[in-house]
1. Per-residue mean of other chain beta-carbon atoms within 10 angstrom of the beta-carbon, peptide B:48-54?
2. How many partner chain Cβ atoms sit within 10 Å of a residue's Cβ in peptide B:55-68, on average, as a whole number?
3. Quote the charge dipole size of the range B:92-239 about the Cα centre in Debye, to the nearest 20; the model charges only the Cβ of Lys and Arg (+1) and of Asp and Glu (-1).
4. Only sites in a loop by DSSP and with at most 15 other Cβ atoms within 10 Å count here; which GluC sites (Glu not before Pro) in the range B:22-75 make the cut?
5. Could you please tell me the mean projected area of the C-alpha convex hull for chain A, averaged over all directions and given in square nanometres to one decimal?
6. Within the range A:108-141, name every residue whose backbone N is under 18 Å away from a label modeled 7 Å from Cα of A:THR149 along the Cβ vector.
7. So, taking all protein chains as they sit and a 1.4 Å probe, how much accessible area belongs to A:ASP212, in Å² rounded to tens?
8. Report the far tail of the P(r) of the range A:179-289, meaning the percent of Cα-Cα pairs longer than 17 Å.
Amino acid sequence: MIAVLASGFLTTVQDEGRRGYRAFGMPWAGAMDRYALAVANLLAGNPPGAAVLEMTLSGGSLRFEEAAYAALCGADMGAALEGAPAGNWVAFPIASGATLSFGTAARGCRAYLAVLGGIDAPVVLGSRSTYTRAGVGGFGGRALAGGDTLRIGPAPAVGRFSPRRSLPAALVPPCGGDVRLRVLAGPQEDMFASDGIATFFSSAYTVTDRNDRMGYRLEGPAIRHNGEADIITDALAPGAVQVPGDGMPIVMMADCQTSGGYAKIGTVIGPDLRLLAQSRRGDSVHFLHCPEEEAITALREERAAYAAIKERFPDVGGGG
Amino acid sequence: MGAVRMLVAGEQGLVVEFGNAIDPAVNARVHRLARALATRGLEGVIESIPTYRSLLVLFDPLVLPRERLVPEVEALLSIPVVEEASGAGGNTVELPVLYGGEFGPDLAFIARHNGLSTEEVIAIHSSSSYLVYMLGFTPGFPYLGGMSSRLAAPRLLSPRGKVPSGSVGIAGSQTGVYPLESPGGWRLIGRTPLRLFDLEAGRPFLLAPGDVVRFRPVDEEEYWAYLQVEEIRAFERRGR
């Protein structure tokens with residue numbers, strides 16, 4: 001059992017997300033930074049898609065009522081275990097009764113805490129992810145609050161001598177700050193003027209304060225349409241870049257609604273979406289035109305990294 | 001009918017676009033492909049999302065590359081259509097509605113705006129069949145087609161902060177039902193006691209893309225009876 005002493009700004013239970021129900025209007029939800037999710041789980045000895053805590057900007061404080069083995073990845077929120085710095089992109093044992101507390105992320109936006117056995121939330125439509133707008137999944141469909149208690153899923157017994165494990169520096173990705181996002185043009189790039197497309201791929205955009213799990217609104221030079229900005233409402237998925245009539249791009253994220261009525265100039269490639277998920281108000285964003293082969297290569301490299309991490313860090317067995 | 005366009009929606013998305021109009025015939029082609037693709041059961045297809053005039057296919061390109069997916073889709077499109085007896089191929093779902101009063105605070109506005117009596121508005125609204133072109137916006141929200149133009153009315157100038165779930169509304173030439181309590185600017189004419197989105201039910205979504213909806217006016221007694229049945233069911237599920 002984990003007692004939530006303080007929740008931080010916005011902490012939710014997330015996993016890989018809820019597949020298969022977009023046709024009914026149900027978003028995927030799931031971790032915003034898929035790489036940090038997978039690596040935290042692998043370090044903790046879980047399958048890559050187990051349920052974790054996603055903390056946004058600040059992380060609160062948790063008391064472990066049982067011994068556990070945990071991993072921290074993503075934005076560095078200065079976590080401390082019983083007052084001693086815990087590090088980041090690491091896994092370590094936690095003794096029963098110990099408190100893990102977090103501060104505020106100096107850069108980056110989202111931190112992930114995985115525990116061996118996973119966070120035990122009910123599986124709703126195939127996933128433990130929280131989708132707060134419809135009150136679905138996770139912990140009662142909502143963000144955590146002080147006083148909540150979380151259960152840890154069944155896991156092999158861990159003891160205090162379980163090893164501390166750190167991700168090799170070469171596998172630690174950049175987190176926060178200015179980002180460059182690779183984009184495949186389409187599906188409605190023909191609704192934009194050629195100078196509009198040039199503006200999109202050559203300008204710096206800034207993350208506004210209207211950024212959340214649904215989408216990131218950016219600000220910068222206006223992207224000019226050919227004519228109308230609106231289309232007959234069609235399907236949206238994370239990564240889609242919608243451009244409404246004001247010419248300012250909106251990048252759809254994990255909780256994005258399943259349909260929308262603005263023309264989409266392009267789609268951020270899957271492996272790069274985590275970079276935006278770690279950006280915050282004031283960070284700058286550049287969009288880079290990307291051929292499809294490059295996106296496939298990036299996807300293949302991401303999967304290869306998971307396999308390499310899995311091989312390097314075998315499952316945590318009986319520990320103590 | 002026009003040529004089918006295959007569009008790129010990221011390295012993991014394919015849009016199959018059948019036209020550029022809100023048209024039941026175009027939409028029927030979308031649903032037909034969605035069903036054919038589901039039946040085909042290709043490994044690497046994650047899910048597909050039907051909309052008014054296109055189908056978004058989400059896939060894992062490391063399992064199923066686009067160069068293999070596109071010819072598979074083309075093959076499914078070339079299968080001759082055997083017209084289903086029901087036309088669109090979906091189910092017909094009847095939604096009981098208590099029109100007017102506190103549940104339909106804008107019924108009188110719709111009547112006045114269109115030079116009709118409230119009884120006429122109810123009669124017209126409940127005499128049509130509405131095609132569920134697609135679901136979206138919020139879980140379970142149906143985009144319905146087929147409303148009589150005699151009922152069309154502009155949205156509220158300022159949206160309500162809270163529209164109760166089950167509310168039946170009109171916006172422009174569209175009608176719809178709110179599955180969840182949410183903010184909204186549609187003119188509300190009534191409410192259904194049935195739950196369009198209910199995680200505890202055996203079937204979480206009452207409506208599916210391609211279904212046909214009919215509204216049936218009920219009186220207060222029948223409305224509360226429906227609601228009681230829903231509550232008893234929910235209670236029994238919790239008790240299990």
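The values are calculated or read from the model by the stated rules, or taken from the named source; none is laboratory data. If you're wondering where the values come from, they're calculated on a predicted model, not measured in any experiment. Because the Cβ atoms are built from the backbone with ideal geometry, glycine has one as well, and the counts that use them run over all protein chains shown. Keep in mind that these areas ignore ligands, DNA and RNA; they rest on the heavy atoms of the full protein, side chains included. Shrake-Rupley method; radii C 1.70, N 1.55, O 1.52, S 1.80 Å.
1. Numbers: counts 3, 11, 4, 9, 6, 4, 5.
Partner Cβ neighbours, averaged per residue: 6.
2. Details: counts 3, 10, 1, 7, 0, 3, 6, 5, 0, 0, 2, 2, 0, 0.
Taking all residues of B:55-68 together, the mean is 3.
3. 520 debye
4. Filter output for the range B:22-75: B:GLU43.
5. Computed as one quarter of the Cα hull surface, the answer is 15.3 nm².
6. A:119-122, A:139-140
7. Accessible surface of A:ASP212 is approximately 60 Å².
8. Roughly 46 percent, once rounded to a whole number.
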